[in-house]
Amino acid sequence: MLTVLQYLLREGRSCVRYKCGLLNTIQDVLRQRSNWVEVKDDGEWDFNWCDVGWLRENFGHTYMEEHVRINHFRNHYELTRKNLMVKNLKRYQKNLERDIGRIEASRCDFFPCTFALPSEYHLFVEEFNRSLGSTWIMKPVAKSQGKGIFLFRKLKDIMDWKKVTYIYFNEELLVNHTAKNKPSAHHIDEQKDVAQVENYVAQRYIENPYLINGRKFDLRVYVLVSSYVPLKAWLYRDGFARFSGTRFSLSSIDDKYMHLTNVSVQKTAPDYDPEKGCKWQMQQLRRYLTAKHGREMVETLFKEMDNIFVRSLLSVQNVIINDKHCFELYGYDILLDQNLKPWLIEVNASPSHTPSSQEDYEMKCRLLEDTLNVVDMEGRLTGKEKRVGGYDLMWNDGPVYREDVNLQTSGSSCFTANTHLGCVNDREKQLRQLLKPFPYQKKM
C-alpha cells in the first residue's frame, strides 16, 4: 500500500493536507502538528477528521487515493449503536457456546440484560414480569450525552413512550408512502436516521454500582482500531472516571444528577463547580482501588476490562466493512459494581473531545496526538511497534504480550497482557526514542 511519505515524494509536496469538521480539541492538535496544512471546503485532502454525519453523506461517493485516511469505518454503528452492539454481542456469544462451549461463552457475560424496543417489546415484558420490582433504564439507541434516558420500575411508565412511538411511525408511513407522495431515496435515508433515534433499548439497571464517597461513577476508556482485517487494536493508558454529583440511592430513580454520570448532564446541576469538576484521571482511580482492595484484585479487574474491549471488537469484526483508509477511536463506557465486576454500558464512535478542565484538555491533547502518531501519516513507524506514545498494542490478529511475559506459561488466556490502563504514561520519553523526524522536518 502506498504510504503518505511515498505519495508526497511523488507529488513533490512537503506537507500533509487535512480537513477537520469539528471545532474542539482535535482542531487545536491538528493545527499544531508540524508540516500539516488545513484545507477548506472542497479542497483535496490526505487526512479527514469528520463527524459521522459527514461520513454518512459523503463516504459512498468520495474517491480516496491509496494513502488517504479518515477517522471512521463506514458502518461503525454496528458497535456504537446501543441496539446493534447488543445484537452483535449476543450473536457472538451464541456462536462461542456452539463452537467452543459454555465456559468460553461466559467470558461475554459483561453486558446487562438488554432488549431492543419496540421490536423486542414482548420479550422484554416477559423478562420484566419475571423480576418484578427491578429497576430498568430506557435509552435512545442513537443519542448521546444522556439525552432521552430515564429509569422505571413499572410498565405503565413506558406506556406513554410506546404510544407516541407507535403514532409517530404510523404517521411517517402514511405521509411518506402514498402513491401521490413517493419519497426520494435521500428522503428515505433521512427517515431511517430519524427512525433510528426513535428506537430505544430497555436495559436492566445496575442496582449495586461501586460507590466512592457515596457517589456513582463510570469509566471512559479509549480504544483505537487501525484495522479490522486483521484486527489491530490499541488501548490508551489515560482515561477518566466520571462521577455523579449526588449521593446514590435507589429510593429516587427520577434524579438524573444521581444516576447519570455524563458530564453534559452533571454540569447543568445547580451546585456544579466547574473548577472542581466531576472527574478523576484513570491513574488516580487505579491507585485508590489498589489501596483499598490490593494489587491482585485490581489486576484482575483491569484484565476483565481488557476482555471486554477485545471481545466486543471481535463480535463485530465480520460485520464491519474493513477499509484500509479507515481507523476508529472508540470511547468505551464501563461501569463497576460492588463486586468489582466491570459492565459494558456502551461504545461511542465520537467520544467528546470538548474539555471540562485544563487537566482534561491536556489529557485529550495527548490522546489525539498519539492517535495521529499511530495512524502515522508521516511514515515514521515500522509497523512492528508494540507501543506508540500512550498507546499499547493489545491485539494484532491475536493477543499481544508484554516483553517480560513467558508465552509458555501464559496458557490459553483470553486476555491480552500488553495493556497498561491507568499506569504511568511516560509518552514523551517513549516518543523521543521511537519517532524519527519527518524527512522535511528539521530536528529539534
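Taking the listed residues L2, L30, L22, the one that is modelled with pLDDT of 95 or more and either outside any helix (DSSP H, G or I) or touching a helix residue (DSSP H, G or I) at 6+ places or on another chain (Cβ under 9 Å) (or both) is L30, with no other qualifying.
Here is a yes/no grid of residues against (1) in a loop (DSSP other than H, G, I, E, B); (2) open to solvent by 30 Å² or more (accessible area, probe 1.4 Å); (3) in contact (Cβ under 8 Å) with a residue 24 or more places away in the chain:
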{"residue": "K87", "(1), (2), (3)": "no, yes, yes"}
{"residue": "R91", "(1), (2), (3)": "no, yes, yes"}
{"residue": "L96", "(1), (2), (3)": "no, no, no"}
{"residue": "I103", "(1), (2), (3)": "no, yes, no"}
{"residue": "P112", "(1), (2), (3)": "yes, no, yes"}
{"residue": "F115", "(1), (2), (3)": "no, no, yes"}
{"residue": "F124", "(1), (2), (3)": "no, no, yes"}
{"residue": "N129", "(1), (2), (3)": "no, yes, no"}
{"residue": "G133", "(1), (2), (3)": "yes, yes, no"}
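On the basis of being open to solvent by 80 Å² or more (accessible area, probe 1.4 Å), outside any helix (DSSP H, G or I) and farther than 29 Å from E207 by Cα, does E57 make the cut? No.
Residues of region 397-436 that are of a type in the set (A, V, I, L, M, F, W, C), part of a loop (DSSP other than H, G, I, E, B) and modelled with pLDDT of 90 or more: V400, L421, C423, V424. Taking the stated definitions as given, is M138 modelled with pLDDT of 75 or more, under 28 Å from G53 (Cβ atoms) and in contact with a Leu (Cβ under 7 Å, 6 or more places away or on another chain)? In short, no. Screening S357 on (1) open to solvent by 40 Å² or more (accessible area, probe 1.4 Å); (2) touching a Gly at 6+ places or on another chain (Cβ under 6 Å); (3) modelled with pLDDT of 95 or more shows it passes everything except condition (3). Scan region 208-245 residue by residue and report those that are touching a Gly at 6+ places or on another chain (Cβ under 9 Å) and polar (S, T, N, Q). Listed by number, the list is empty, since nothing qualifies.
The values are calculated or read from the model by the stated rules, or taken from the named source; none is laboratory data. All of these numbers come straight from a predicted model, not from anything done at the bench. With ideal geometry, Cβ positions are generated from the backbone for all residues, glycine too; neighbour counts draw on all protein chains shown. Side chains included, ligands, DNA and RNA excluded: accessible areas come from the protein's heavy atoms. Shrake-Rupley method; radii C 1.70, N 1.55, O 1.52, S 1.80 Å.
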